[in-house]
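The structure under discussion appears below in the form of structure tokens.
The values are calculated or read from the model by the stated rules, or taken from the named source; none is laboratory data. Since we're looking at a predicted model, the values are computed, not measured. As a convention, Cβ positions derive from the backbone with ideal geometry for all residues, glycine included, and neighbour counts pool all protein chains shown. Quick note on the areas: whole protein, heavy atoms, side chains included, nothing else; ligands and nucleic acids left out. Shrake-Rupley method; radii C 1.70, N 1.55, O 1.52, S 1.80 Å.
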Amino acid sequence: MVIDARRNFFGVLRVVEWYPDDPDHHYSLYNGRILHGVQLLESDRRYEPTTYFSGNSGVGVAITMLPIPGEMRVGTIGLGAGTIAAYGRNKDHYTFYEINPAVVELNKKWFTFISDLEARGGTVDIELGDARLTLERQKDQEFHVLAIDAFTGDAIPAHLLTKEAFDVYMRHVRPDG
């Protein structure tokens, strides 16, 4: 059942509730027909990273296999449901770059990955705007991991995949990241 929907320049976003009377009860965020995140709602499962960011995904492996004691710095281009924040620990810092303000609104209203990370003692910044342009203006962020997840199906924003864009990304990633 659709429980929230927003339409703006970037398209139509929907939050859909699935299986309300079942252990697999969850919310899903869609941009058009493309899934942008899932959060399980059972209290003991709501912290689990899901879909494209499960523990055996590239992002899951990168974050969990880096032996970083203390504060880990993670950047993500694309917010979605905020699933990547599920990996955050006490003192970790996560920065999400999101171009669509409606994604930020729906994330804060329906998904708890970010607030759960903050409750664990981590910090989160959400930078609203085009990620490439925002990163070009920022001082070096010293990310241990920088995930690029700003894709909506076949609509790949080519300006995020150019050599110049990757030069900007690499400036923000630590040498050991």
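Table for the structure above
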item: Bridge type composition, the chain - antiparallel percent by DSSP, nearest 5; result: 55 percent
item: In Hz, Karplus ³J(HN,Hα) per residue of segment 27-34 (6.51, -1.76, 1.60; θ = phi - 60°; x = Gly, Pro); result: 9, 10, 10, 10, 10, x, 9, 8
item: Compactness index (Cα Rg / 2.2 N^0.38 Å), the chain; result: 1.01
item: Centre separation in Å (Cα based) which lies between segment 121-169 and segment 1-73; result: 19 Å
item: Proximal lysines to Lys91, defined as alpha-carbon separation beneath 26 angstrom and excluding residues fewer than eight positions away on the same chain; result: Lys108, Lys109, Lys139
item: Dipole moment magnitude, nearest 20 debye, segment 57-160 about Cα centre, only Lys, Arg, Asp, Glu C-beta charged; result: 220 debye
item: Carbon plus sulfur fraction of accessible area for the chain, probe 1.4 Å, in percent; result: 56 percent
item: ³J(HN,Hα), Karplus 6.51/-1.76/1.60, whole Hz, each residue of segment 81-96, x for Gly, Pro; result: 7, x, 3, 4, 5, 4, 7, x, 10, 3, 6, 5, 10, 10, 10, 10
item: Using θ = phi - 60° and Karplus 6.51 cos²θ - 1.76 cosθ + 1.60, couplings along segment 126-138 (whole Hz; Gly, Pro as x); result: 10, 9, 8, x, 5, 4, 4, 5, 5, 5, 4, 7, 7
item: Per residue accessible area of segment 109-161, 1.4 Å probe, in Å²; result: 52 Å²
item: Longest exposed-site-free window of the chain, the sites being GluC sites (Glu not before Pro) in a DSSP loop that have at most 16 other C-beta atoms within 10 Å; result: 72-141
item: Estimated distance in nm for a label pair at Lys91 and Ile34, the labels positioned 7 Å out from Cα along Cα-to-Cβ; result: 3.8 nm
item: Farthest toward positive dipole pole in the chain [+1 Lys/Arg, -1 Asp/Glu at C-beta], among Ile77, Gly122, Met170; result: Met170
